[in-house]
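Since every read-out is calculated from the coordinates, none of them should be taken as a lab result. Quick caveat, the model's predicted, so the values are computed rather than measured. All Cβ positions, even for glycine, are placed from backbone atoms using ideal geometry, and neighbour counts span all protein chains on display.
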Amino acid sequence: MELKRLMPIILLVLIVIIQANIISAQVDETPDFEFLGLELEKVIMFLTGLVALVLFTITFAAYRRDKRPKLFYISIAFLLFAVKSLMLSSELFIEQIEWFEPIAIVLELLALISFFYGVFRKWNQMISYVKKNEKILELELRNKIFLLVKKYAGSHLRELERRSKIPYSTLKYHLHYLVKHDLILEKQSNGKSQYYSKTIEADDIEILGLMKQKNIRRILFYLVSYDECINKDLESFIKIAPSTIIWYMKILLKKGLVIRIQKADKLVYKLNFDKIDKEKIVKILTTYKESFFDSLINRAIETWEID
């Protein structure tokens, strides 16, 4: 699951953790309740600590992958919450240690500071980023190129030149300028540079880059439409040589987008649902249809939209 999809859950759990602290404080003022023979307050704190520990693991792993400072501060906040909660619930297993409680209060304060510092730091970065972008895109021609890259995601230099009618050297200069200032992405594919908006997710860029190749795009379209295929199906559909089909399927197998299974006396290809699903392919085809300039795909998309 992508971290963006996890963030609402993480924030919800943080609210639950804070609420658990409030409940614990209220329990302190009432007679002790028990759950399975254990003090309810301590059980709540122990479970809260375990949840915070799991969230620390998730967010820290995401930080190590993406190197985003916001994730580091949020992961540290969850770690501090986990340590604090486990310390306060330690009476379930050992005798009470008096100095645990004041340390736990300090840890909770540090956790809140770390969490909100990470969030506000990200907001400040976003504000600075927007202001910088506005200044860079004040030039009408540069803004036109930026919007062109956004519209025709994954296009290479010559393709953008054909679509924009902007002279090659001028277009190349401004594309380099936009890449240098972190407004667009440049990716290499088959020795050519492809350009993408920064708003596109990393997984989509990899798949979109492959789909810029007409035959790979049509192979994936066929698998979305018919679930599985053999080489002869693709030969008839795409109308290219068997050896070329094998070459493309090797690329898709290497990328992990398809799997090959034995059915009776035939080798059958299917989408690898651990890596990609039909909805993902349909989303990319429909979202970036203008990048493909493919009449077959456009007709199919019109059918999907009607359905």
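Here are the numbers for this structure:
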quantity	calculated
Pair S295, K254: separation of 7 Å Cα→Cβ label points (nm)	3.3
Selected from W247, I297, L285, residue furthest toward positive end of dipole (region 171-307; charges at beta carbon)	W247
Simple Cβ-charge dipole of region 226-307, Lys/Arg +1 and Asp/Glu -1, about Cα centre, in debye nearest 20	460
Cross-link pairs beyond the 30 Å C-alpha cut-off, checked among K165/K255; K172/K214; K144/K278; K198/K239; K144/K187; K70/K214	K165/K255; K144/K278; K198/K239; K70/K214
Protection proxy ranking of 65-77, 245-257, 262-274 - average other beta-carbon atoms within 10 Å, highest first	65-77, 245-257, 262-274
Convex hull volume per residue for region 204-306, taking Cα atoms only, in Å³	100
Anchor K42: lysines whose Cα lies under 19 Å away (excluding residues fewer than 8 positions away in-chain)	K84
Value of D in µm² per second that Stokes-Einstein yields for region 250-307, Kirkwood Rh from Cα pairs, at 4 °C (1.567 mPa s)	98
